[in-house]
Structure formats: structure tokens, C-alpha cells
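Just below is one structure, and these are the notes that go with it.
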Amino acid sequence: MSTDETGQGGTRAGAPAGSAGTQGASGRNLIQLITPEGERISHPEFDPWVKDIGDEQLCSLYEDLTAVRRIDVEATALQRQGELGLWPPLLGQEAAQVGSARSLRQDDFIFSSYRENGVAYCRGVDLTDILRVWRGNGSSGWDPYSVNMATPQIIIGAQTLHATGYAMGIQNDGADSVAVTYFGDGATSEGDVNEAMVFAASFQVPLVFFCSNNHWAISEPVRLQSHVQLADRAAGFGIPSLRVDGNDVLAVMAATRLAVDRARHGGGPTFIEAVTYRMGPHTTADDPTRYRDANELEDWAAKDPIDRVKALLDRKGLLTGQFQQHVKDKADAVARELRAGCIAMPEPEPLDVFKNVYSAPNSWLDRQQDHYARYLASFGDPAGATSQEGAR
Amino acid sequence: MTRMTFARAINSGLRKSLENDPKVILMGEDIGVLGGVFRVTDGLQKDFGTHRVVDTPLAESAIIGTAVGLAYRGYRPVVEIQFDGFIYPAFDQIVSQVAKMHYRTQGAVKMPITIRVPFGGGIGSPEHHSESPEAYFTHTSGLRVVTVSNPQDAYTVIQQAILSDDPVLYFEPKRRYHDKGDVDETIDVRTALPMGAARVLTEGTDVTLVAYGPLVRTARDAATAAADEGISIEVIDLRSLAPVDYATVEASVRKTGRLVVTHEAGQSGGLGAEVAASITERCFYHLEAAPVRVTGFDVPYPYSKVEMHHLPSLDRILDGVDRALGRPNSLSGLEG
């Protein structure tokens, strides 16, 4: 296996073994509460953070994980069928997203990247809204204030600064909510993420940096991004960090709850590295077989975040036929709703292109809109006006 | 009316905004204890506290990016970029985030952010301290770009920019910071001339001369000098660079038939090109001559001993006026 459990055991090509190119030499063990085999193991420091998660909650988490995977698979299928322009799969990262999102209050505010569709699901974002951008039917899917989650950011790492600023606002307001920002391993190389950590530490804002280390930034492995474990970078900014098994939903919850609690009570920012794996391509436009070893995929498949909860439920005797049917029915219903909502999205109007550029009128834009409206009207036939090719 | 410097007028406008709205928050490098490198924010931290007037770490992208988050939270951040040449590290946050957030969220999230940028040359500074980057931002949809040329406007427009629900880049002509003028601090900024409007400064009949920011004073001086030669120049202070108030420029050109545009920024792809093209489209049959641009050269901002050659001077502007009028000029006899 090319990556050990720390996920960063590889040696950078061309660098001598044992040099600075070797990562994880000083590596911390991952926080883990459920083994890949589904065994609940005790952890004196983190068990207390999830002591309220009983059988019922565990079943509920399993249901969420399954629904999120089903959304992802269905959306991938929709893309393959030409219904979506693009889709960024989160396959394999369900536990990192569900475990963290389920640790937040509804008045906490999230700034994420484009891959956190499982987080959006947990926040209660309408399923059709999750697809809107990817179908090309809107600049964004939802009103951020309706779910307290900003619409997904495409520019890598830019959202970490927005979260930091939002957290500065929370601090100024004297509120006890927190901001959470999600980003990937690749983003840690961006200046914005580093500037966000400087500001967050300087002002001790209530913020959680949630880094989903899924090992690949498109085709670039994490070892190209960092010579140290990502969690270790935070120390240089004076930010405490946690390194958690990102495929262990319970461990992710424990880590996130600790970090959120610290932020809520004036303890400042925390950096969480959730070590997980992107089982699919970067997006549906990507071909990971060009850069990724099939063995690596197999190794990670054995650590599947859903299988291990399932195994745990089985050990506990909770995996009854009735429960499994319930989970399947739920996932099926979610998939049906997702597909129906996608296909039923109304087509935008031509002049919608001009909407919401500014809050107040802008003479340049008003003129262009007026001219384009006249152009469209010149076809006489309102239906023909939307067809711009071959209409003359 | 109070007589005060340009810098003091901006300070007074910022103070008013801080007093009027608890959601207004100032951020930037050295703006607190020091009062900014140009002292524009002098005394504000002392009077409003470190949570309203925030000294930030040295990270331009973060200054803008955190302002985005504050705006998300309902604040109206006013950020200072210390010098024009330092805005580039923040470029992505300005053009990809600040400018597009309202569009991206389909109107749900407003970005009432004011970005103050001391800009332009003529103060003998080293490189990165004298640039005119306005065209990068006038090209970006979602932003409003304004500049001011006198203390009264400086006082009024900064408050209008802060009141705007759209993001505004507020370019401050730093070589005019110490110019003095009368400022009516009792003015109602909501009913004053809006920041989007151009203003005719001196009426004339022969040539329309469009200027903004630091060159407005030079343009007025040129008009005075030209009057001695019997040439009547109508000087327009553009004030708003995006959008440009073309109605005002157009009305003037229809009257004079000739257009000269001047700015410190380099010529290619500059605002002068945009004004010339737009006016040509709008009043081609009223033009007696091709529009003329008198601008900085397409060079990196030069070292201070030669910067006066780069910056449009009164004489270079008058030479441009001569070209528009078909009078003998430095390019006479040159084809094309």
C-alpha cells in the first residue's frame, strides 16, 4: 500500500528516503473510535464527546451516510445522462461530512468548497437546490441565510477567509455561534488559507478549520502539497489541531464537537485534519486512472466509512431487516426526489443574465439589457427569441 | 463651511459613517494607532475602539476576504489598501468574491464593502507606490469605482460609498491629500450629487476635457491657460469611473464636438479608451475630430526622477487639446 494509515507515508519522488521528503515521521496517531472492522474502541479523551450517541443516534447517522452516498451516486448518474454539466463526487468522504455537519448548531455558519454536498444535505438544503448550479440553472442553489451555509466556493481556499471574517463578526456581536470552513488538502497550499489562519489566530475568532485530506488535489498527491502532516501546519500559526480518521463518523463528531465547543467558549480557532480518501474522480470530467494506483483504491475501500458503521450496528444486533429496509426506502426516496427535482427545474429566461449584478441600477448594464431586450424583441416571436442561432 | 485638507475631509467622512452606523467597521494595515501611513484614519481608533477600527496583519487578500465574511454577517466594512501597488495580492478576492457574491447568491447576500485605495503618482515614491490600477476594476462587473478630486467630494462620496449596498472601490488621489478646500460637513449626503454622477467644472464651447482624481486640478489649470489663448474648454470631473455618467459627457461633446480624455494610467485598455469609444458610438455625427487621449505611457510606473515625464502635465494636456482642435501640435505632419 502506497499510503499508510497516516495517509502520508509515501516518499516524494526523487527525494532520498528519510529526508524532509518523508512525511509523517513525527506523525500523530489518528483519533479513531470505530475500526474499519466495525469495532467500537475506547478513547479516554474523545469518548466523552460522543457519550450521548446511543443506538438510536448511531442508526440515524447510518441513515444519513447512506442517503448522502445515494445523492452522490444519483448525481453522478445524472451527469452521465447529460442532465448535469458537471458533478464533484464525494464518494468515500461521507463520514467526514456527516460527522462534522451533525456536530453543529443551526445558528453556526458554514463556508465550504464545492464538494461538501453531504454537509449541505445535513443543513437541510433542498435537494433540487443542491443540483441547481451543476445543471447550470442558477449562479447558486440557495439563500445562504435560510440554512446558515454559504453557497459552495469554487476558488480553492477563498472561503476560509470569508469564514474568518464572519467569525470576526460573531465575536464583535458577542454571539456564541461559531463559523466552520471546509476545504481540501490542496487548499492548504493556497495563500488565502494561510492568511486565514494568521487572522484567525491573531484575533482568536470562533472558527473551525475543517480540512478534508482526501489525498488528491485533482492529480496532485498530498505529498506534493506538504512535507509535514497537514495538522502539524496549524501549530506554526498558534492554532491547536486534531488529526482524525475521516472515515470514522463517530471520531469526526468527537473532534468537531471539541473544536466547536472550544470556539464557542472563547478558546479561538481549531484546525481539524480529517484523513479520508476521494474514492471517485475529482469531478465527472476527471480520469483518476491516469494518475492513481488501483491498489491504493482497494486499500481505502477496506476502510469504507459506511461499511464500518454497518458492521458496528451488526455487532450490536441493530441491523435488522426492518431497519435495513427503512434505510433503503429513505435512500430511494431521496434519489427519486433528487432526480425529479433536477429534471423539473424551470429554464431561466434570457434577460435573467442581467439580474443581481448590482443592488442598485447601473447605467452601463441597464443600457446593455435594454439593447439586448430590443434585439430579442426584433424577432417578433418570443419563443424564437431564445434561439439565437439561425434565427435570422 | 470648514477649510480642511483632502485627507482630513476623508477622515471626517469616515468619522460620520462610524457615528451613524454601528455596523461600519474599518480595517487595514496601520490604520489604528498610527492613523494610517497618510493619517487618513487619524484618531478614529482612539475614539471608536479597536473593534471598530481594526489594525490587521499584513495580508491584503485576507483584508478583503475577511471583509467578505463580515459583510455576510451584516457589517459594512471599509478597508484600506495601503498603496495602489499592494492591491494585486487582493485581486482575486476583489474580482472573484466581492464583485460576484451578490450575483452568485442571486441577490441574497449583499457586499456593502468600501475599498479605499490611495492611488496615483507625483509624490516621489519608489515602485509599487504610485500606480493607477483603476481599469482592472472598471472592467469587472459587480464593482462600482469612484474617485474624488476635492475635499468636499472626498467627504461626501466616502459616505455615499459606505451607504451603497454594492461594493465600491474608492480611489484617493494621494498627491492631493494635502490640498485644502472648503467642506460643508452639514451636507445631506443622501440628497447631494450622487457618487455615480459626473460634474461639469468649467463650461466651455470648443473642447470637452474629461479628467478624474489627481488630474482634475491639472485639467482646470489647463483650461485657465487655454482661455488666455482664446480656447474655451469644458472640463468634466468624471467622479465615477464605473459606471461612467455618459449622459453628462455626451451632452458636453454634442455641444463642443471635440473630446480629450486624460488619466495617469497607461493608455492601452485604459478608461480613456472606453470613454473615447463610447462617446464615438453615441455621438459620432457630432464629433469634429477623433477623440484624443493624454495619458501615462504603457510602462511600469517610472522612478521618481522621470515620473514627471510619465504623468500628464498641463502642457501635454494642452498639446492634446491642440490635436483635437486641429491646431499646430507636437504630432503635426505625422500621418496616422
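The values are calculated or read from the model by the stated rules, or taken from the named source; none is laboratory data. None of these values were measured; they are calculated from a predicted model. Using ideal geometry, Cβ is built from the backbone for each residue, glycine included, and neighbour counts are taken over all protein chains shown. Only protein heavy atoms, including side chains, enter the accessible area calculation; ligands, DNA and RNA are left aside. Shrake-Rupley method; radii C 1.70, N 1.55, O 1.52, S 1.80 Å.
Might you let me know whether the stretch B:66-81 holds any residue that is free of Cβ contacts under 8 Å to residues at least 12 places away in the same chain, within 11 Å of another protein chain (Cβ to nearest Cβ) and within 25 Å of residue A:193 (Cβ to Cβ)? Among the residues of the stretch B:66-81, at least one is free of Cβ contacts under 8 Å to residues at least 12 places away in the same chain, within 11 Å of another protein chain (Cβ to nearest Cβ) and within 25 Å of residue A:193 (Cβ to Cβ), which makes the answer yes.
Rundown of residues vs (1) open to solvent by 10 Å² or more (accessible area, probe 1.4 Å); (2) modelled with pLDDT of 95 or more; (3) in contact with a helix residue (DSSP H, G or I) (Cβ under 8 Å, 6 or more places away or on another chain), yes/no style:
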site: A:7; (1), (2), (3): no, no, yes
site: A:14; (1), (2), (3): yes, no, no
site: A:18; (1), (2), (3): yes, no, no
site: A:35; (1), (2), (3): yes, yes, yes
site: A:45; (1), (2), (3): yes, yes, no
site: A:55; (1), (2), (3): yes, yes, no
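You will find that of B:104, B:73, the residue that is under 19 Å from residue A:202 (Cβ atoms), more than 24 Å from the chain's Cα centre (by Cα) and modelled with pLDDT of 95 or more is B:73 and no other. Among the residues of the stretch A:258-306, just one is in contact with a His (Cβ under 9 Å, 6 or more places away or on another chain), charged (D, E, K, R) and not in a loop (DSSP other than H, G, I, E, B), namely A:296. Looking only at the stretch B:83-100, which residues are within 9 Å of chain A (Cβ to nearest Cβ) and either in a helix (DSSP H, G or I) or touching a Cys at 6+ places or on another chain (Cβ under 9 Å) (or both)? Result: B:89, B:92, B:93, B:96, B:97.
The condition of being of a type in the set (S, T, N, Q), open to solvent by 10 Å² or more (accessible area, probe 1.4 Å) and in contact (Cβ under 8 Å) with a residue 24 or more places away in the chain holds for only one of A:225, A:159, A:229, that being A:225. Within the stretch B:23-35, is even one residue touching a strand residue (DSSP E or B) at 6+ places or on another chain (Cβ under 6 Å) and in contact (Cβ under 8 Å) with a residue 60 or more places away in the chain? Yes, the stretch B:23-35 contains at least one residue that is touching a strand residue (DSSP E or B) at 6+ places or on another chain (Cβ under 6 Å) and in contact (Cβ under 8 Å) with a residue 60 or more places away in the chain. The criterion of being of a type outside the set (S, T, N, Q) and closer than 14 Å to residue A:248 by Cα does not hold for residue A:71. Among the numbered criteria (1) in contact with a Lys or Arg (Cβ under 7 Å, 6 or more places away or on another chain); (2) at pLDDT 95 or above; (3) surrounded by fewer than 20 Cβ atoms within 10 Å (Cβ to Cβ), which one does residue A:67 miss? The one condition residue A:67 does not meet is (3). If the condition is being β-branched (Val, Ile, Thr) and closer than 20 Å to residue B:141 by Cβ, then the stretch B:232-254 contributes only B:244. When the stretch B:33-54 is limited to residues that are open to solvent by less than 50 Å² (accessible area, probe 1.4 Å) and not in a loop (DSSP other than H, G, I, E, B), the one that is nearest to residue B:177 (Cα to Cα) turns out to be B:44.
Is it true that some residue in the stretch B:264-275 is touching a Phe, Trp or Tyr at 6+ places or on another chain (Cβ under 7 Å), in a strand (DSSP E or B) and of a type outside the set (Val, Ile, Thr)? Checked the stretch B:264-275: at least one residue is touching a Phe, Trp or Tyr at 6+ places or on another chain (Cβ under 7 Å), in a strand (DSSP E or B) and of a type outside the set (Val, Ile, Thr). Which condition breaks for residue B:4 when tested against (1) under 22 Å from residue A:168 (Cα atoms); (2) within 22 Å of the chain's Cα centre (by Cα); (3) crowded, with 19+ Cβ neighbours inside 10 Å; (4) not charged (D, E, K, R)? Condition (1) is where residue B:4 drops out. Selection of the stretch A:176-193 for residues being out of contact with any Asp or Glu (no Cβ under 8 Å at 6 or more places or on another chain) and more than 7 Å from chain B (Cβ to nearest Cβ) yields A:176, A:181, A:183, A:184, A:185, A:187, A:188, A:189, A:190, A:193. For the stretch A:133-156, a residue qualifies if it is of a type outside the set (Ser, Thr, Tyr), facing another protein chain (nearest Cβ under 8 Å) and open to solvent by 50 Å² or more (accessible area, probe 1.4 Å), and the qualifying residues are A:143, A:155. Screening the candidates A:150, A:101 for the property of being among the hydrophobic types (A, V, I, L, M, F, W, C), modelled with pLDDT of 95 or more and farther than 26 Å from residue A:46 by Cβ yields one hit, A:150. For the stretch B:60-77, the criterion of being assigned to a strand (DSSP E or B) and touching a helix residue (DSSP H, G or I) at 6+ places or on another chain (Cβ under 8 Å) is met by at least one residue.
In this entry, residue B:130 passes the filter for residues that are within 22 Å of residue B:312 (Cβ to Cβ), open to solvent by less than 10 Å² (accessible area, probe 1.4 Å) and assigned to a loop (DSSP other than H, G, I, E, B). The number of residues in the stretch A:351-370 that are more than 7 Å from chain B (Cβ to nearest Cβ) and either part of a helix (DSSP H, G or I) or in contact with a strand residue (DSSP E or B) (Cβ under 9 Å, 6 or more places away or on another chain) (or both) comes to 10. Only a single criterion out of (1) over 20 Å from the mean Cα position of the chain (by Cα); (2) not in a loop (DSSP other than H, G, I, E, B) is not satisfied by residue B:302, namely (2). Look at residue A:262 and say whether it is crowded, with 24+ Cβ neighbours inside 10 Å and among the basic types (Lys, Arg). Considered against the rule, which asks whether it is crowded, with 24+ Cβ neighbours inside 10 Å and among the basic types (Lys, Arg), residue A:262 comes out as no.
Can we say residue A:107 is part of a loop (DSSP other than H, G, I, E, B) and within 14 Å of chain B (Cβ to nearest Cβ)?
Considered against the rule, which asks whether it is part of a loop (DSSP other than H, G, I, E, B) and within 14 Å of chain B (Cβ to nearest Cβ), residue A:107 comes out as yes.
Can you tell me which residues in the stretch B:82-96 are among the polar types (S, T, N, Q) and either more than 24 Å from residue B:18 (Cα to Cα) or without any contact (Cβ under 8 Å) to a residue 24 or more places away in the chain (or both)?
B:93, B:96
For residue A:320, state whether it is under 30 Å from residue A:85 (Cβ atoms) and surrounded by fewer than 21 Cβ atoms within 10 Å (Cβ to Cβ). No; evaluated as a whole, the condition is false for this residue. Checking each residue in the stretch A:194-207 for being surrounded by 24 or more Cβ atoms within 10 Å (Cβ to Cβ) and either out of contact with any Asp or Glu (no Cβ under 9 Å at 6 or more places or on another chain) or of a type in the set (S, T, N, Q) (or both) picks out A:196, A:197, A:199, A:200, A:205, A:207. Taking residue A:296 as the residue in question, decide whether it is acidic (Asp, Glu) and either in contact with a strand residue (DSSP E or B) (Cβ under 9 Å, 6 or more places away or on another chain) or open to solvent by 30 Å² or more (accessible area, probe 1.4 Å) (or both). It is false that residue A:296 is acidic (Asp, Glu) and either in contact with a strand residue (DSSP E or B) (Cβ under 9 Å, 6 or more places away or on another chain) or open to solvent by 30 Å² or more (accessible area, probe 1.4 Å) (or both). Among the residues making up the stretch B:305-336, those that are in a loop (DSSP other than H, G, I, E, B), of a type outside the set (A, V, I, L, M, F, W, C) and open to solvent by 50 Å² or more (accessible area, probe 1.4 Å) are B:305, B:326, B:327, B:328, B:330, B:332, B:333, B:335, B:336.
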